Amino acid sequence: MGRDQDEVAGSYDRLASAYADRIYDELDGKPFDRALLDRFADQVRGHGYVLDLGCGPGHVARYLHQRDVKVVGVDLSPGMIETARGRTPDVDFRVGDMLSLDLTDASAAGGVAFYSLIHFSQAELDRALHEIARVLQPGAPLLVAVHRGSRTVHFDELWGIGVRLDFVFFEPEPLGDTIRTAGFELIEVLTRPPYKGVEAETERIYLQAARAEPSRGPS
């Protein structure tokens, strides 16, 4: 990992326990998110393992696991992975880097990336999405969630804990273009206002994509 990635991992190591205490049950108050995850579960169930990319304490992975989806949670932070394993021991959680996934080509039946693309520069985002495309099967769905906007917010402290994190906000069209360029078909883009009192009060974007089928030459 580079220096920035080391800082992201170290920040989330320090945040892991407090982060889990605050957000682990947040899906209980997010019906829109649950509906999208339910639809994703229906698409992938029985087709092999799917990836929760940047899984944090594992609450999205747990939600999918409870819906009979085989999930592998991947996160840069060893502290987050330790927390996730403690809370949902039946799920396979692994320390890993989205910029270089330790997975074989076309091995996963789908992927979710909820607020895990938000610490990348544009070049890193391009690389991460190409890497995700590499490990997904042709036609496999990818569900992405991000904050909407055109700013980057820096934090040196969260909940009284020292961190060094930049949170990147996105607009739908540029992010959709980046996803398409990485090898995906963009299927749907949805937005919603914040759930006040449940989450950080920012507008949210959800992008549903599918790994593009290999192009065929002339017959």
Going residue by residue through segment 46-52, the Karplus relation 6.51 cos²θ - 1.76 cosθ + 1.60 with θ = phi - 60° gives ³J(HN,Hα) values, rounded to whole Hz and with x marking Gly or Pro, of x, 9, x, 7, 10, 9, 9
As a percent rounded to 5, the proportion of antiparallel DSSP bridges among beta bridges in the chain is 60
Summing -39500 (n - 2.57) over every DSSP H run of at least 4 in the chain, dividing by its residue total and rounding to the nearest 500, the 222 nm mean residue ellipticity is -11000 deg cm²/dmol
Ratio for segment 158-218, C-alpha Rg to 2.2 N^0.38 Å, reads 1.59
Computed over segment 1-160, the Cα gyration tensor eigenvalues, each multiplied by 5 and square-rooted, give semi-axes in Å (largest first) of 23, 19, 16
Segment 1-128: relative contact order from alpha carbon pairs under 8 Å, six or more residues apart, as a whole percent, is 26
Hits in segment 16-49: amide N under 17 Å from the 7 Å Cα→Cβ extension of V153, namely 19, 22-23
Over all pairs of different Cα atoms in segment 72-219, the reciprocal of the mean inverse distance gives a Kirkwood radius in Å of 16.6
By the C-alpha gyration tensor axes a ≥ b ≥ c (rounded if a/c is under 1.5, else prolate when a/b exceeds b/c, else oblate), the shape of segment 1-76 is oblate
For segment 111-179, percent of DSSP beta bridges that are antiparallel (nearest 5) comes out at 55
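Among the helices of the chain (complete DSSP H runs), which have Cα atoms covering no less than 30 Å along the helix axis and a Kyte-Doolittle mean of at least 0.0?
none
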per DSSP, antiparallel bridges as share of beta bridges in segment 54-163, % nearest 5, sits at 25
Binned at 5 Å from zero, the C-alpha pair distances of segment 73-119 give percents of 5, 19, 26, 29, 17, 5
For segment 165-219, listing trypsin sites (Lys or Arg not before Pro) in a DSSP loop whose Cβ sees at most 10 other Cβ atoms within 10 Å gives K196, R216
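Read-outs: derived from the displayed coordinates by stated rules, not from any lab. These figures come from a predicted structure and were not determined experimentally. Methodologically, a virtual Cβ is constructed for each residue, glycine included, from the backbone with ideal geometry; neighbour enumeration extends over all protein chains shown.
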